[in-house]
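S.K.: Structure below; questions to follow.
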Amino acid sequence: MIKINTQSLSFKIGSIIILTELIILFALGVFYTARFTGELNDRFRDQVALPGVLMSKGLLRYETATDHATIQKMIGDSVSDCMVIGANHKIYYSLKKEYTDKMLEDVPSIYKFKEFNGTITKPEFDFIREEGLRQMVSISPVYLTDGKFLGYL
C-alpha cells in the first residue's frame, strides 16, 4: 500500500502547480472557444449578406432570388426563403412563389422586424422560430449604383 503524506511541502507545491495549470487551461479554452465561435459567426454573416452586396453592385440579378440552387450555393447553407422587397414593401421576387407580388405585411414571420420601417445601410441579422426551428434572418439593403435606396433582400 502506498502512503501519501499530504502534509509534505512537495505535495502542497505539486498540488498548487496542477491546480494553477487546470485554471489556466480552462480560461484559455473558454477564451479561444469564444473567439473562434465569433469568427465563425462573422464569416457566416458575411456569406449570408453576399447576395445583397452583389445585387447592390449590379453584379447579381434580382431574379436570382428565385433560384434556390444559386442562392444556396452562394450562402453555403440551406435556405428556406429569399425575397427581394422594394422600399414600398412590395415583394418582387421570392423563392416561395406564393409571396411574389404580395406586400410585406402579408408575411407575418418577417413583417415584425423594425429594419423594414426605414432605410438601412448595412445588413441586419436576427432569429425567428418557425415550424419549431430557429432560423437566421438576414435583411440586406439593396441600392442602385447611384446610391439610391431600392429595398431589401
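S.K.: From the list GLY29, GLY38, pick out the single residue that is exposed (fewer than 11 other Cβ atoms within 10 Å of the Cβ), at pLDDT 90 or above and over 23 Å from the mean Cα position of the chain (by Cα).
M.R.: Numbers: GLY38 fails: over 23 Å from the mean Cα position of the chain (by Cα).
When all the criteria are applied, what remains is GLY29.
S.K.: Please count how many residues of region 47-95 are charged (D, E, K, R) and touching a strand residue (DSSP E or B) at 6+ places or on another chain (Cβ under 8 Å). Write out each step before concluding.
M.R.: Residues of region 47-95 that are charged (D, E, K, R), as a first pass: 57, 61, 63, 67, 73, 77, 81, 90.
Checking which are touching a strand residue (DSSP E or B) at 6+ places or on another chain (Cβ under 8 Å) leaves us with 63, 81, 90.
Number satisfying all stated conditions: 3.
S.K.: Sort out which residues of region 59-76 are assigned to a loop (DSSP other than H, G, I, E, B) and surrounded by fewer than 17 Cβ atoms within 10 Å (Cβ to Cβ), and write them in order of number. So that I can check it myself, show each step before the final result.
M.R.: At the first step, the residues of region 59-76 found to be assigned to a loop (DSSP other than H, G, I, E, B) are 59-61, 67, 76.
Passing the criteria: LEU59, ARG61, ASP67, GLY76.
S.K.: Is it the case that region 138-152 has a residue that's over 17 Å from ALA65 (Cβ atoms), within 15 Å of the chain's Cα centre (by Cα), at pLDDT 85 or above and not in a strand (DSSP E or B)?
M.R.: We begin by selecting, within region 138-152, every residue over 17 Å from ALA65 (Cβ atoms); these are 145-149.
Okay, now just the ones that are also within 15 Å of the chain's Cα centre (by Cα), so none.
No, region 138-152 contains no residue that is over 17 Å from ALA65 (Cβ atoms), within 15 Å of the chain's Cα centre (by Cα), at pLDDT 85 or above and not in a strand (DSSP E or B).
S.K.: Name the one entry in ILE85, ILE17, ILE4 that is in a helix (DSSP H, G or I) and hydrophobic (A, V, I, L, M, F, W, C).
M.R.: Working: ILE85 fails: in a helix (DSSP H, G or I); ILE4 fails: in a helix (DSSP H, G or I).
Just one listed residue meets the conditions, ILE17.
S.K.: If you take the residues in region 128-153 that are among the small types (Gly, Ala, Ser) and crowded, with 17+ Cβ neighbours inside 10 Å, which one is farthest from ASP46 (Cα to Cα)?
M.R.: Within region 128-153, the subset among the small types (Gly, Ala, Ser) is 132, 138, 140, 147, 151.
So of that shortlist, the ones also crowded, with 17+ Cβ neighbours inside 10 Å come out as 138, 140, 151.
Values: SER138: 10, SER140: 11, GLY151: 19 Å.
Step by step, filter region 128-153, then rank; the result is GLY151.
S.K.: A further question on this structure: Of these, ASP101, ASP42, ASP46, which one is more than 19 Å from TYR143 (Cα to Cα), part of a helix (DSSP H, G or I), free of Cβ contacts under 8 Å to residues at least 12 places away in the same chain and not aliphatic (A, V, I, L, M)? Can you show your working first?
M.R.: Numbers: ASP101 fails: part of a helix (DSSP H, G or I); ASP46 fails: more than 19 Å from TYR143 (Cα to Cα).
Exactly one of ASP101, ASP42, ASP46 is more than 19 Å from TYR143 (Cα to Cα), part of a helix (DSSP H, G or I), free of Cβ contacts under 8 Å to residues at least 12 places away in the same chain and not aliphatic (A, V, I, L, M), namely ASP42.
S.K.: Cβ-Cβ distance below 9 Å, separation of 6 or more or different chains: which pairs start in region 55-66 with a residue that is under 16 Å from PHE149 (Cα atoms) and end on one that is part of a helix (DSSP H, G or I) and polar (S, T, N, Q)?
M.R.: MET55/THR64
The values are calculated or read from the model by the stated rules, or taken from the named source; none is laboratory data. Just so it is clear, the model here is predicted, and its values are computed rather than measured. Virtual Cβ from ideal backbone geometry, glycine too; neighbours counted across all protein chains shown.
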